[in-house]
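Step one of this worksheet: look at the structure below.
The values are calculated or read from the model by the stated rules, or taken from the named source; none is laboratory data. All of these numbers come straight from a predicted model, not from anything done at the bench. Ideal geometry is used to build each Cβ from the backbone, glycine not excepted, and the neighbour counts take in all protein chains shown. Surface areas here come from the heavy atoms of the whole protein model, side chains and all, with no ligands, DNA or RNA. Shrake-Rupley method; radii C 1.70, N 1.55, O 1.52, S 1.80 Å.
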Amino acid sequence: MRRVFTIIAASIALMLSACTKPSQTENIFPVLDSLDGTLWYSLDNGDSLNIIYYDVIYNAADGAMIGYDTPERANEIVRREFSYTFTPADAMSDGIVSMEFSDGQRYGGILVPKGVFQINLRDVYIIQLYEVDERGEIIYDVNGNIKSTLQMWRE
């Protein structure tokens, strides 16, 4: 009798948990059709003792990646100018970003729509870039790993 009661109690608990499923509202975020006038954030923690905190500023066709030694961004330690192109997302693909720094280093990648990733529990847009050659192909090191990446985000 005790087993029957346990089975019935477990069945009821299972049915109640199925009935009380929390409703999830789907957030709809705007699609970016331009990077002009936007500020993005990035960081480089390749050397855990010297983290660089970046502000990445996109203007009409160029921009700057400004690095600071603290999250408060009081002391500028590096500045890299770049030109870029941006193709907005459509129904068939993500947004495409190509960036070329003034020293000739090139990056290419995608803009991931807001709502796919979160940083500090906030939905963000992400730009994920990979170092590319003059043909736009990703550059790998001798071990087969991607040579260099850049990732930036904004709310």
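What the table shows:
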{"read-out": "Estimated inter-spin distance, D44 and D94, nm [label 7 Å along Cα→Cβ]", "value": "2.2"}
{"read-out": "Label-point gap, in nm, between V142 and A74 - each point 7 angstrom along Cα→Cβ", "value": "4.3"}
{"read-out": "With DNA, RNA and ligands ignored, accessible area of E100 (1.4 Å probe; Å², nearest 10)", "value": "70"}
{"read-out": "Computed over the stretch 51-155, Kirkwood Rh from alpha-carbon pairs, angstrom", "value": "14.9"}
{"read-out": "In Å², nearest 10: area of D123 left accessible to a 1.4 Å probe", "value": "30"}
{"read-out": "In Å², nearest 10: area of I28 left accessible to a 1.4 Å probe", "value": "150"}
{"read-out": "Candidate residues F86, F117: accessible-area rank, largest first, probe 1.4 Å", "value": "F117, F86"}
{"read-out": "Gain in span if fully extended, I119 to D62, counting 0.36 nm per residue against the direct Cα distance", "value": "17.9 nm"}
{"read-out": "Accessible area (Å², per residue) of the stretch 84-141, counting only protein heavy atoms and a probe of 1.4 Å", "value": "59"}
{"read-out": "Förster radius 41 Å - calculated FRET efficiency between D103 and E155, Cβ distance, rounded to 0.05", "value": "0.85"}
